[in-house]
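Take a look at the structure below.
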Amino acid sequence: MKTYLVGGAVRDRLLELPVKEHDWVVVGATPEEMKAQGFRQVGRDFPVFLHPETHEEYALARTERKTAPGYHGFECHADPGVTLEEDLQRRDLTINALAEDEHGNIIDYYGGQQDLQDRVLRHISKHFAEDPVRILRVARFAARFDALGFRVADETLELMQRMVDNGEVDALVPERVWQELYKALGEDRPSAFFETLRACGALKQLFPEIDRLWGVPQPEQWHPEIDTGVHTMMVLDAAARISDKPGVRFAALTHDLGKGTTPKEEWPRHIAHEARSENLVANLCNRLKAPRDVAELARIVAKYHGDCHKAFELRSGTILKLLHSLDAYRRPERFEDFLIACEADHLGRTGYEQEPYPQADFLRQALSVSRDIDVNKLRAQGLEGQALGEAIERQRLSNIEALGKERG
């Protein structure tokens, strides 16, 4: 019975990155032997155990055999005779198939250390093609390690393209697609996730609303980058720079989906694209089974980001109506997320990457002054019910008007 540290912990230590979790493989043991040592079994499809003290995961060495289409179609086999090399062979990328023994020696059967040095994401074997989730994982690692200069190996990208052509991604269920997407949104440069999927053809299959943005022009006066797909990726990365919330980044990603459905004869203008974007966002979130809070934020950013950009041009009454539409008085934290996503849209343009966005601060101030109302003073005037509500609204409007005059 031998225990090895495997996977991301070994990889990240060699890259001199923080190690967030430890995964272990146990060779030469049975489930009964693990339980006898105090480990608690948690795996249903294959034997995975939690350490009695550290609660880290220890998995028995296993092999997998493809039995049906999709990522569920595997039969796992674990027994004391399965070797470490056989266990590591079933993993996706060479850099994830590294192991370390109790003496700190690195065990590398598939060239993972060289690929770390060369900054290459390379599949281990032809068995990579048996699991379509690996397409999403490679794209996610591309987003995580983009800043370190990693690229997808040509042969791996070609294999991913063949998997797409063979319809493997069609077997992916929405919950798993969302899970990988959500993780990718948390990476350092999330745009690399979508660029990798686009390069292998998977973006068109999984996220057609996003894929069709490339090649759609915008007015150069406001968008020097012109291409809507390029703009969307710039906005996504801008959101990643100013917010660590995946929900904000998702809203930034989907804010302009409607531009992909603008009739060509209207290009480069995109009249009423906000309303189309809202509908497309709702459909996308329903298909992916996205959490309600994420879907709601993405919907309001798609619908109202244009109003946010034009904040200085809006009348006071329109600003008050916008604050109500955004439910800003009851949900100020979501309102803040909305403003950050809109700021990312502003920054995600060629030449605007460092430009200030005073509209956001103005709307923050509008919310602040319109909340600063002495309700007790109004009640002291004998106002209650509908009359009190109308008085509050008048005071809110007056405060916003004063803010506008103060701004000049």
Calculated Rg and Dmax of the chain using C-alpha coordinates, Å: 26.2, 85
308, 342 arranged by Cβ crowding within 10 Å, fewest neighbours leading: 308, 342
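Neighbour counts of other C-beta atoms within 10 Å: give me 155, 225, 187 arranged from fewest to most.
Fewest-to-most ranking of 155, 225, 187: 155, 225, 187.
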Among 98, 282, 226 the positive-end extreme of the charge dipole of the chain (Cβ point charges): 282
Cysteines, the chain, no other Cys beta-carbon under 4.7 Å: 76, 200, 285
Debye intensity ratio in log₁₀ form over the Cα atoms of the stretch 214-359, taken at each q of 0.13, 0.18, 0.20, 0.22 Å⁻¹: -0.54, -1.07, -1.32, -1.54
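What's the Kirkwood radius of the stretch 94-161 in Å, using all Cα pairs? Could you put the intermediate results ahead of the total?
Working: mean 1/r = 0.0791 Å⁻¹.
Across the stretch 94-161, the inverse of the average 1/r is 12.6 Å.
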Residue order, fewest to most surrounding Cβ atoms within 10 angstrom, among 39, 193: 39, 193
The stretch 269-304-the stretch 227-241 distance, computed between alpha-carbon centres (Å): 17
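Write down Rg/Rh for the stretch 305-364, rounded to two decimals, with Rg from the C-alpha atoms and Rh from the Kirkwood relation over Cα pairs. Numbers along the way, then the final one.
Details: Rg = 11.6 Å, Rh = 11.9 Å.
Reported Rg/Rh, Kirkwood definition of Rh: 0.98.
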Derived scalar couplings ³J(HN,Hα) [the stretch 89-98; Karplus, 6.51 cos²θ - 1.76 cosθ + 1.60; whole Hz; x for Gly, Pro]: 5, 7, 6, 7, 10, 4, 6, 9, 10, 8
Using a Förster distance of 25 Å, the FRET efficiency for residue 220-residue 365 (Cβ separation, nearest 0.05): 0.20
Given 183/204; 264/289; 183/303; 245/321; 126/289, the pairs whose alpha carbons are separated by over 23 Å: 264/289; 183/303; 245/321; 126/289
C-alpha center-to-center spacing [the stretch 153-215, the stretch 1-22] in angstrom: 27
Over the chain: helical MRE at 222 nm, DSSP H runs n ≥ 4 each giving -39500 (n - 2.57), nearest 500: -15500 deg cm²/dmol
For the chain, size of Cβ-based charge dipole, Lys and Arg +1, Asp and Glu -1, in debye: 1340
For the stretch 214-291, size of Cβ-based charge dipole, Lys and Arg +1, Asp and Glu -1, in debye: 360
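Rule-based calculations on the coordinates, nothing more; no lab input. In this text the structure is predicted, and so the values were computed from the model without any measurement. All Cβ positions, glycine included, derive from the backbone under ideal geometry; neighbour counts span all protein chains shown.
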